[in-house]
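Below is one structure; the comments refer to it alone.
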Amino acid sequence: MPPLAWKKILCPVDFSEESRAALRVAADLSARFDAELTLFHSDSEVVAQVASAPEATGNLSHWRTQAEELGVAHVATATAAGDPPVAIVEQAQSGRFDLIVMGTHGRTGRERQLIGSVAEHVVRSSRVPVLTVHADFQAR
């Protein structure tokens, strides 16, 4: 079996602490594999509120700077309107990404049933490998 060649990594972000933890891991992998990192934000509200798109773009720009400070040479950003888990899977497929690195809130029980899990949906739906990172993750 040929070695894994993660050259395109997708990191969906919702600007939470879980996303920040995922960014650290995605940036580390990107630097190690000299991979292109794409920070991706999707919001179902963007369709109804076009005004929120510049806010997301501004946040992504800030996160892009953070990724560059973490040593990533090639950082891109992308946004999409629509249901986040569906948009993430579609972006990963259409962009021909090798890996998705995303945060997870780690909800269980009733809270997960009521709110749902974006990460769980992506793991179940994506043909691209998915690495989930909890906000409390600390690299050793």
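Any read-out appearing in this document is the output of simple, stated calculations on the displayed coordinates, not a laboratory observation. Please read these numbers as outputs of a predicted model, since none were measured by experiment. Counting neighbours? That spans all protein chains shown, and the Cβs are built from the backbone with ideal geometry, glycine included.
Computed values, structure above
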quantity	calculated
Within-15-Å neighbourhood charge of Ile9 [Cβ basis; K, R +1; D, E -1]	+1
Counted charge near Ala22, where neighbours are those whose Cβ lies closer than 14 Å (Asp, Glu -1; Lys, Arg +1)	-3
In Hz, Karplus ³J(HN,Hα) per residue of segment 118-133 (6.51, -1.76, 1.60; θ = phi - 60°; x = Gly, Pro)	4, 4, 4, 4, 5, 4, 6, 9, 7, 8, 8, x, 10, 10, 9, 10
